[in-house]
């Protein structure tokens, strides 16, 4: 049991609980009988090839989709049926490619994370201002607070949307490919922020494609393929040569980072041996 | 809302009100018959009759219509996440015109059988109700057909609106042929988008409907900010997307329907005004929506004064819809090309 349960309302543990969930987009079954749990204070990486059902799974947890079979529970609530405001206070989702059609300032975008805590007209109270300042500071955005989001670089934008999710003050943070399209330094920074959020007591679940970043940063990995969970556990147990070949169809060399002890897998590019 | 934002709100709304006062002043004092404000206030005829009987009601009508159209345009742009959205471009005005036309024709048909009942149906309130119903139905139709694979595609919705507009124009032309000559003349005058002279009761009823619907949009303005981010993000930030969007649809359609009932098809106000006001106050709809509504009122009063005065030597005046189309058509193309260029730059 996590020590964070001593603070705030007594959430069920694990806070995210998916049982035998199934979801199909028309004829195409995206998630088929998936069971998945995540706890507060834990950083879980969701891995798998394209089309494995990772994004569908986090959308089920966020209540944006409903399962056609099985159950999804977020802090004990059915997130698809519960009022959106309640769900938004429990769970924040950072989408892969956030929309930026209007030139809002960084501070305005981060303040939008407070909507579920505010009244109809979104008048900011002291709590809201404090949460926004905290999120801006945590994501190193204070100097950019007055800038228009449409004028930012890709890495800066990611930080803005991460800050918005932090300002939301959720218990569960869902990240859909937080490192996509970022350079190495920004990828590492994104993973560090996610890790820090988990150390701060949040339940963080991230869809990830980079196996080595996932192995280095996550407490636990869940591997999916064709709508099913095929493995879960500590990174070293999930990322075996055999499993990576099974799940991704790529032969790899598996080793260990000499500096940190983290599991490392490298594709055997050039050798076509299977 | 921070203190900074509150002062910006006060400034934007103050400027908007000031613009309305200036436009109404110009509109009331200028005309073929010069009048003196002092004489009119002192009750000297004909100055008093011209000011209070003709020019002020006409300016008030233009203000209400501009207020409604600019607010509706702002809201539709937020929903479509595209600055090209506008009640006229999206076919909402066309739907309202069709609704009103159908009621008028039904009234003409009814009066052939039962005179008083027909006259009652042909009076302002039922025609306005028809216009509002037409606006609501066409909004749902255009946004419904603009969904492809369950997702709203802004470009598709815009195209659907433009095609729907052309379709409605054809239907109205056909219907006009069926109408008796006196009804056809009334219809023609109404549809061309002229700010005319409505009875005080009609003007008051229209104003109430516009204030109610724009007020609803104002209450939803913080939600509109979130809807500009996309459905999924708005939902994950705590917005009940379906319900909110239906409310916005309904309020924007009602405002458009009331505007069309009062003045016919006046296009592009909801395109030009929100775009310029956005440059002034930024994209936050809590500022943008009320400021756009006020500047929209000032804009249409000014455009109507221009229509009234520009052709004075010829002894004639075009409907204000012609003036806004003259300004709005090129503006739409400029926005379209700029947007396409930005999109091009963003993807290459």
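From the list A:136, A:129, the lone residue that is part of a helix (DSSP H, G or I), away from chain B (no Cβ under 12 Å), at pLDDT 90 or above and closer than 24 Å to residue B:9 by Cβ is A:136. The residues listed here are A:251, A:234; of these, the one that is free of Cβ contacts under 8 Å to residues at least 60 places away in the same chain, touching a strand residue (DSSP E or B) at 6+ places or on another chain (Cβ under 8 Å) and either loosely packed, with under 15 Cβ neighbours inside 10 Å or under 25 Å from residue A:96 (Cβ atoms) (or both) is A:234. Here residue A:121 qualifies as farther than 23 Å from residue A:193 by Cα, surrounded by fewer than 21 Cβ atoms within 10 Å (Cβ to Cβ), without any contact (Cβ under 8 Å) to a residue 12 or more places away in the chain and at the interface with chain B (Cβ under 8 Å from one of its Cβ atoms). Residues of segment B:297-314 that are surrounded by fewer than 24 Cβ atoms within 10 Å (Cβ to Cβ) and part of a helix (DSSP H, G or I): B:302, B:306, B:307, B:308, B:309, B:310, B:312, B:313, B:314.
Looking only at residues that are free of Cβ contacts under 8 Å to residues at least 24 places away in the same chain and in contact with a helix residue (DSSP H, G or I) (Cβ under 7 Å, 6 or more places away or on another chain) in segment B:236-261, which one is surrounded by the fewest Cβ atoms within 10 Å (Cβ to Cβ)? Here the residue is B:240. Reported count of residues in segment A:69-91, each being without any contact (Cβ under 8 Å) to a residue 40 or more places away in the chain and facing chain B (nearest Cβ under 9 Å), is 5. Looking for something modelled with pLDDT of 90 or more, part of a helix (DSSP H, G or I), touching a helix residue (DSSP H, G or I) at 6+ places or on another chain (Cβ under 8 Å) and surrounded by fewer than 16 Cβ atoms within 10 Å (Cβ to Cβ) - is there at least one such residue anywhere in segment B:38-58? Checking segment B:38-58: at least one residue is modelled with pLDDT of 90 or more, part of a helix (DSSP H, G or I), touching a helix residue (DSSP H, G or I) at 6+ places or on another chain (Cβ under 8 Å) and surrounded by fewer than 16 Cβ atoms within 10 Å (Cβ to Cβ). Taken together, the criteria exclude residue B:326 from residues that are in a helix (DSSP H, G or I), under 29 Å from residue B:14 (Cα atoms) and in contact with a helix residue (DSSP H, G or I) (Cβ under 9 Å, 6 or more places away or on another chain). The number of residues in segment A:101-110 being farther than 25 Å from residue A:207 by Cα and more than 7 Å from chain B (Cβ to nearest Cβ) comes to 2.
Residue-level check: of (1) more than 8 Å from chain B (Cβ to nearest Cβ); (2) in contact with a strand residue (DSSP E or B) (Cβ under 6 Å, 6 or more places away or on another chain); (3) surrounded by fewer than 23 Cβ atoms within 10 Å (Cβ to Cβ), residue A:141 misses just (2).
Of all positions in segment A:92-100, at least one carries a residue that is within 13 Å of chain B (Cβ to nearest Cβ), within 26 Å of residue B:219 (Cβ to Cβ) and without any contact (Cβ under 8 Å) to a residue 24 or more places away in the chain. The condition of being surrounded by fewer than 24 Cβ atoms within 10 Å (Cβ to Cβ) and away from every other protein chain (no Cβ under 14 Å) holds for only one of A:45, A:33, that being A:33.
Restricted to segment B:20-37, and to residues there that are surrounded by fewer than 18 Cβ atoms within 10 Å (Cβ to Cβ) and either in contact with a helix residue (DSSP H, G or I) (Cβ under 6 Å, 6 or more places away or on another chain) or assigned to a loop (DSSP other than H, G, I, E, B) (or both), the residue that is nearest to the other protein chains (Cβ to nearest Cβ) is B:26.
Filtering segment A:33-47 to residues that are touching a helix residue (DSSP H, G or I) at 6+ places or on another chain (Cβ under 7 Å) and in a loop (DSSP other than H, G, I, E, B) leaves A:40, A:41, A:42.
Answer yes if at least one residue in segment B:295-306 is at positive phi and over 13 Å from the mean Cα position of the chain (by Cα), and no otherwise. Scanning segment B:295-306, I find no residue that is at positive phi and over 13 Å from the mean Cα position of the chain (by Cα), so the answer is no.
Considering (1) part of a loop (DSSP other than H, G, I, E, B); (2) buried (at least 24 other Cβ atoms within 10 Å of the Cβ); (3) more than 15 Å from the chain's Cα centre (by Cα), the lone condition that residue B:198 does not fulfil carries the number (2). Looking only at segment B:222-268, residues that are facing another protein chain (nearest Cβ under 7 Å), in a helix (DSSP H, G or I) and over 14 Å from residue A:99 (Cβ atoms) come to 1 in all.
The values are calculated or read from the model by the stated rules, or taken from the named source; none is laboratory data. Note that the structure is a prediction, hence the values are computed from the model and not measured. Because the Cβ atoms are built from the backbone with ideal geometry, glycine has one as well, and the counts that use them run over all protein chains shown.
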